[in-house]
Amino acid sequence: MKAALVALLTLVSAAVAAPTQAAGPVATIPIDGVISPVTVRLVETALTRAQAEGASALVILLDTPGGLERSMRLICQRLLNADIPVIVYVAPTGARAASAGVFITMAAHVAAMAPATNIGAAHPVALGGGSIDKESMKKVENDAAAFVRTIATERGRNAEWAEKAVRSSVSATEREAVKLKVVDLVAESVPDLLAKVDGRTVKTSKGSVTLATRDAPVKVIEVRFRDRFLALISDPNIAYLLMMAGMLGIFFELSNPGSILPGIIGGICLILAFFAFQSLPVNWAGLLLLLFGIVLLIVEIKVVSHGVLTIGGVIAMLLGSLMLYDSPDVTGIRLSWFVIVPTVGTTAGLVFFAVSMGIRALYRPSVIGSAAMVGRLGVTRTALQPDGQVLIDGELWRAVSPDAGVGAGEPVQVTAIDGLTLTVTRSTRRP
């Protein structure tokens with residue numbers, strides 16, 4: 001009896017300790033571009049939906065140049081505490097997991113890379129246009145190194161290399177990463193990845209889970225319109241275009257008070273641009289130069305500077321565009337010349353057109369009121385001795401002339417007006 005009880009307890013404890021078999025579809029979501037608060041929302045949504053739909057695992061297809069440290073930490077926390085297995089797959093071919101991408105890849109239960117991809121260069125950088133002293137940067141570096149080291153240790157990966165990626169910005173190709181035990185494997189595609197990870201046992205927040213992913217159906221988690229829109233405007237080039245469109249809208253509203261529509265569009269674009277700037281490394285000197293350039297163009301409307309203010313405004317906008325994002329090239333957060341040149345050129349052209357049309361309107365003869373009569377051509381109906389009647393544009397006017405002997409039917413031109421009496425002189429042209 002005692003032996004049977006011992007055997008039963010042994011079987012029960014073995015069953016409790018045995019890893020759970022993960023079966024069901026595999027959810028996937030692509031995460032590319034800069035790591036930002038929008039990315040955090042995407043990962044959280046993917047985890048929630050994958051778990052709610054009974055997915056056996058979540059595959060994150062990662063391609064990032066890096067991003068914000070706080071957003072990266074939040075994503076790592078979600079992955080480290082995930083209830084279902086999370087596989088980070090650096091893909092497609094040619095993709096990278098740089099900077100913040102290193103932390104996210106190492107925080108996954110399974111880390112994989114596609115051919116011709118790379119990982120590394122995770123040294124923290126000062127963003128936002130401000131400088132940071134050596135002591136403060138050392139603290140930031142030590143903090144980041146400790147964080148990546150503990151993630152790598154937790155997941156059984158190369159903690160020494162991870163620390164070097166932070167302190168020395170080392171990088172590795174996909175083959176080197178496998179040899180260094182930075183990632184677990186190289187896979188040609190998602191089906192190849194699922195076949196290779198099948199049977200692996202990983203540790204989730206709910207216990208050990210054995211992956212059963214071979215030939216599992218793949219379900220792509222559709223990114224909702226709201227998230228796609230927020231991710232779109234967080235693109236550095238889109239944020240820049242929104243800001244320029246916003247400032248142009250305000251410019252045209254100020255130059256044509258009461259237009260309303262340009263002001264509404266400009267205000268909306270500016271608000272969206274500033275929303276995007278909160279997740280981007282904006283250099284405030286560059287932003288101020290852009291604003292100063294627009295101010296100079298607006299002043300050109302009120303002050304005739306013969307183009308000096310316009311030229312200064314264009315130069316300020318060009319310099320501001322180059323300085324707008326204060327970030328090393330390795331992060332990929334920078335403006336494209338194919339965006340800067342057309343945008344600045346178009347802005348300057350529109351402002352120049354508006355200013356030139358305004359100046360032309362100032363010197364254009366009046367078409368209404370008494371001043372509009374000066375210069376008009378007419379024909380005398382009666383002789384002017386010295387007063388009489390003239391016909392101008394089908395209207396009869398009382399007129400006087402300093403010229404002697406102006407007969408009926410002769411062409412005349414208006415030189416002045418006093419009340420309802422015109423002063424005219426002989427003309428060689430007929431109306």
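The values are calculated or read from the model by the stated rules, or taken from the named source; none is laboratory data. Nothing here was measured: the structure is a model prediction, and the numbers come from that model. When we count neighbours, we look across all protein chains shown, and the Cβ atoms used for this are built from the backbone with ideal geometry, even at glycine. In case anyone asks, the SASA skips ligands and DNA or RNA and just uses the protein heavy atoms, side chains included. Shrake-Rupley method; radii C 1.70, N 1.55, O 1.52, S 1.80 Å.
Numbers at a glance
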quantity: Positions within the range 160-179 being open to solvent by 40 Å² or more (accessible area, probe 1.4 Å), under 30 Å from the mean Cα position of the chain (by Cα) and within 15 Å of residue 111 (Cα to Cα), in sequence order; calculated: 173
quantity: Residue 222 modelled with pLDDT of 90 or more and among the acidic types (Asp, Glu); calculated: no
quantity: Candidates 155, 96 - the one that is touching a strand residue (DSSP E or B) at 6+ places or on another chain (Cβ under 9 Å) and in contact (Cβ under 8 Å) with a residue 40 or more places away in the chain; calculated: 155
quantity: Tally of residues being open to solvent by less than 20 Å² (accessible area, probe 1.4 Å), more than 25 Å from residue 189 (Cβ to Cβ), without any contact (Cβ under 8 Å) to a residue 60 or more places away in the chain and of a type in the set (Ser, Thr, Tyr) across the range 37-77; calculated: 0
quantity: Single condition residue 232 does not satisfy, out of (1) in contact (Cβ under 8 Å) with a residue 24 or more places away in the chain; (2) open to solvent by 80 Å² or more (accessible area, probe 1.4 Å); (3) farther than 21 Å from residue 291 by Cβ; calculated: (1)
quantity: Test: residue 108 is farther than 24 Å from residue 234 by Cα and either among the aliphatic types (A, V, I, L, M) or touching an Asp or Glu at 6+ places or on another chain (Cβ under 6 Å) (or both); calculated: yes
quantity: The lone exception for residue 80 - which of (1) open to solvent by 50 Å² or more (accessible area, probe 1.4 Å); (2) without any contact (Cβ under 8 Å) to a residue 60 or more places away in the chain; (3) hydrophobic (A, V, I, L, M, F, W, C) it fails; calculated: (2)
quantity: Identity of the residue in the range 279-296, open to solvent by 20 Å² or more (accessible area, probe 1.4 Å) and touching a Ser or Thr at 6+ places or on another chain (Cβ under 9 Å), that ends up modelled with the lowest pLDDT; calculated: 283
quantity: Count - residues of the range 396-416 that are at pLDDT 85 or above, part of a strand (DSSP E or B) and not small (Gly, Ala, Ser); calculated: 9
quantity: Complete set of residues in the range 6-36 that are crowded, with 16+ Cβ neighbours inside 10 Å and either at pLDDT 80 or above or out of contact with any Leu (no Cβ under 8 Å at 6 or more places or on another chain) (or both); calculated: 24, 25, 26, 27, 28, 29, 30, 31, 33, 34, 35, 36
quantity: Residue tally, condition out of contact with any Asp or Glu (no Cβ under 8 Å at 6 or more places or on another chain), part of a helix (DSSP H, G or I) and within 13 Å of residue 74 (Cβ to Cβ), over the range 33-46; calculated: 5
quantity: Residue count for the range 297-311, restricted to those that are open to solvent by 30 Å² or more (accessible area, probe 1.4 Å) and touching a residue at least 12 places away in the same chain (Cβ under 8 Å); calculated: 4
quantity: Every residue from the range 186-231 that is among the hydroxyl-bearing types (Ser, Thr, Tyr) and out of contact with any helix residue (DSSP H, G or I) (no Cβ under 6 Å at 6 or more places or on another chain); calculated: 189, 201, 204, 205, 208, 210
